[in-house]
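Data first, discussion second: the structure below is written as structure tokens.
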Amino acid sequence: MGRDLREWMDKVEAHGSLERIQEEVHWEEEMGAISYCVNQELGAPALLFENITGHETGFRSLWNLFGSDTTRLALAMNEDPSLGIKELISLGRDKFGTQIDPVFVDNGPVFENSEYGADVDLSKFPSPITWPKDGGQYIGTACAVISKNPETGTVNVGTYRGMLQSENTATVNAVKGKDMRAHVETQWERGEPLEVAIVYGTLPELLLVSGSKYGEADNEFEYAGGVRGNPIELVEGETTDLPIPANAEIVAEGRFLPDDYESEGPFGEFTGYYGERVEQSPLATFDAVHYRDDPILTVAVEADYPGGDNGVKATAMRGSRIWNSLERDLGVPGIEGVYNPPAAAGGGGMTFVSIEQQYPGHVNQVASVISGAPVSAYFQKLIVVVDEDVDPTDLNQVLWAISTRFHPREDIEVIEDTWGYPLDPSLPEDERMYGAKLWLDATKNYKHYDEGEFPERLALRRETYERVADRWDEFDFDIDLPDLPTFYEEESDEGGVSRSVDQ
Ligand SMILES: Cc1cc2nc3c(=O)[nH]c(=O)nc-3n(C[C@H](O)[C@H](O)[C@H](O)COP(=O)(O)O)c2cc1C
């Protein structure tokens with residue numbers, strides 16, 4: 001049997017990255033407040049609430065699965081937990097693009113407890129109200145919603161917010177353009193219900209892929225297997241024809257009955273603002289719920305960074321997948337690094353990309369691909385292109401490049417009417433679905449400088465750096481020797497601009 005949430009939590013705890021909270025805490029605003037406050041510290045731990053007001057002992061809730069900490073992300077990727085975000089973005093290029101077929105097993109821990117029909121009662125799980133104006137208890141945040149394309153039979157797994165509406169119903173707010181929403185609409189046009197299974201206590205690797213944009217024809221279970229390097233174990237659903245993870249903590253099975261909508265929200269979102277009330281959100285009616293002994297409801301706080309869960313995971317997923325869209329899918333050369341700063345609304349608002357410029361127009365080509373690629377087209381507003389001697393994960397270097405290599409008259413483009421975002425507060429509500437992208441070219445200017453003319457960047461002589469490195473311990477600084485993005489090269493005296501760089 002493969003890995004489950006608990007095995008990952010054990011490893012996380014062994015690395016000091018999980019705190020258990022045994023004191024009684026209320027589901028209404030208190031768990032949310034604790035998580036938001038703890039998260040203000042970069043690298044804050046995951047929080048397991050074990051004693052929740054009004055809930056049976058053993059009905060637990062795990063918050064802040066990833067947050068701003070790379071240890072937990074690395075462990076979910078089956079990688080060395082000491083790696084930083086830059087290395088994880090690089091490794092993610094293979095990890096997040098690899099498919100491993102899931103395997104079907106006969107039984108699994110998810111069936112340790114099952115209730116059916118009138119006995120289904122989702123209120124036994126400690127669904128929180130996180131923010132003062134949230135419209136209800138959100139059982140679905142760090143969740144995985146499983147449905148099938150009614151025409152092709154392809155399985156989709158997506159993360160969409162879900163509000164508890166009664167003991168056996170919950171809304172699922174997949175916005176227009178998301179796969180589950182399209183499945184519901186197709187099936188309802190035929191006057192038929194759509195089967196759904198919702199994993200409310202999920203697996204870490206599944207959360208990484210279910211919350212990220214994969215193609216409509218892609219089965220996210222295959223990508224989740226790729227992330228951890230071995231297959232996800234699935235069991236057949238009992239009241240639906242859907243596959244469900246055998247090791248899940250909590251799964252509810254049911255249907256979206258034709259034209260059955262309910263209103264939901266507001267809900268505190270990853271933008272750091274409330275997402276408004278939605279009048280018509282598809283309502284799932286459940287006829288079975290399965291859960292492990294001592295089940296764990298997985299929860300994501302949505303908030304401004306670093307207060308929420310949309311930190312390093314969103315940054316790593318986006319950076320590595322944008323890089324692949326450019327280089328592997330389209331063959332654009334010279335890509336040295338991609339970074340979506342987590343503070344930019346979970347990486348969704350900005351992309352920094354470093355390239356080794358190889359021909360006129362290369363910069364705008366890169367920016368235009370990022371503006372249109374499925375993984376990055378949605379929402380995102382600002383794309384900054386820097387040269388290969390600038391580390392896009394280092395905000396200081398990016399700001400330096402913008403200040404010295406970007407000119408406000410020469411190096412700026414605004415692309416209108418792109419894929420917008422319904423929660424973008426910078427536009428009135430009825431205009432939000434049409435967004436715009438701003439491109440900043442913060443590279444050495446190819447148009448105005450011939451090769452070799454651009455002023456030479458200050459850089460240490462490599463031999464001097466190495467001499468200092470050899471003696472670093474002698475000086476007894478309480479500071480690690482830094483990696484430097486580039487070194488002075490003798491040849492650059494003759495030719496001016498040196499493109500010889502060591503990153
Ligand atoms: C914690 C979390 C909550 C999310 N909530 C929503 C949501 O309420 N509605 C939505 O459409 N997308 C939401 N997303 C984004 C989707 O999961 C993401 O766009 C994903 O690509 C959707 O899957 P799909 O491409 O298969 O439709 C959320 C993502 C995360 C990580």
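Taken together, the values in this text are just the output of simple stated rules run on the coordinates, not laboratory data. Because the structure is a prediction, the values reported are computed rather than measured. Here the Cβ is made from the backbone with ideal geometry for all residues, glycine too, and neighbour counts use every protein chain on show.
Lys and Arg at +1, Asp and Glu at -1: add these up for the other residues within a Cβ distance under 14 Å of MET9 and post the number. Intermediate results must be reported in sequence, preceding the final value.
Working: positive: ARG3, ARG6, LYS11, ARG20, ARG60, ARG72, ARG292; negative: ASP4, GLU7, ASP10, GLU13, GLU19, GLU50, ASP69, GLU205, GLU249, ASP294.
Residues close to MET9 contribute a combined charge of -3.
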Dipole axis of the chain (+1 Lys, Arg; -1 Asp, Glu on Cβ), positive-most option in SER123, TRP472, GLY272: GLY272
Quick check: the distance between the Cα centres of region 332-376 and region 383-410, to the nearest angstrom? 12
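Using alpha carbons only, what's the Rg to Rh ratio of the chain with Rh from Kirkwood? Show your work: numbers first, answer last.
Details: Rg = 24.2 Å, Rh = 24.0 Å.
Rg/Rh for the chain comes to 1.00.
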R0 of 41 Å, Cβ-Cβ distance SER426-ASP470: FRET efficiency to nearest 0.05: 0.20
Estimate the FRET efficiency between LYS447 and THR186 by the formula 1/(1 + (r/R0)^6), using the beta-carbon distance for r and 60 Å for R0, to the nearest 0.05. 0.75
Hull volume in cubic angstrom per residue (convex hull over the Cα atoms of region 404-452): 98
In terms of the Cα gyration tensor, with a ≥ b ≥ c the square roots of its eigenvalues, is region 96-243 rounded because a/c is under 1.5, prolate because a/b exceeds b/c, or oblate? rounded
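What does DSSP give for region 312-442 in terms of the percent of beta bridges that are antiparallel, rounded to the nearest 5? Walk me through the numbers on the way to the answer.
Details: 11 of 22 bridges.
DSSP beta bridges in region 312-442 are roughly 50 percent antiparallel.
Please work out the FRET efficiency for the pair PHE477 and THR98, using the Cβ-Cβ distance as r and a Förster radius of 35 Å; give the result to the nearest 0.05.
Working: r = 41 Å, r/R0 = 1.18.
After rounding to 0.05, the efficiency reads 0.25.
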Lys, Arg +1 and Asp, Glu -1 on Cβ, resulting dipole of region 5-299 about Cα centre, debye, nearest 20: 900
Gain upon complete extension [ASP106, ALA118; 0.36 nm per residue less C-alpha separation]: 1.7 nm
How many Lys pairs in the chain lie less than 18 angstrom apart by Cα atoms, where the lysines are 8 or more positions apart or on different chains? 13
Give, as ranges by residue number, the residues of region 415-450 whose backbone N falls under 18 Å from the point 7 Å along Cα→Cβ of GLU276. 420-435
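Given Cβ point charges of +1 (Lys, Arg) and -1 (Asp, Glu) and nothing else, what value in debye, to the nearest 20, does the dipole of the chain about its Cα centre take?
On the way: 39 positive and 94 negative charges, 135 e Å.
Dipole about the Cα centre, nearest 20: 640 debye.
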Per-residue ellipticity at 222 nm attributable to helices in the chain (runs of n ≥ 4 DSSP H, -39500 (n - 2.57) apiece, nearest 500 deg cm²/dmol) works out to -7000 deg cm²/dmol
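How large is the Kirkwood hydrodynamic radius of region 312-442, counting all unique pairs of alpha carbons, in Å? Don't jump to the answer; show the numbers that get you there.
Details: mean 1/r = 0.0681 Å⁻¹.
Roughly 14.7 Å, rounded to one decimal.
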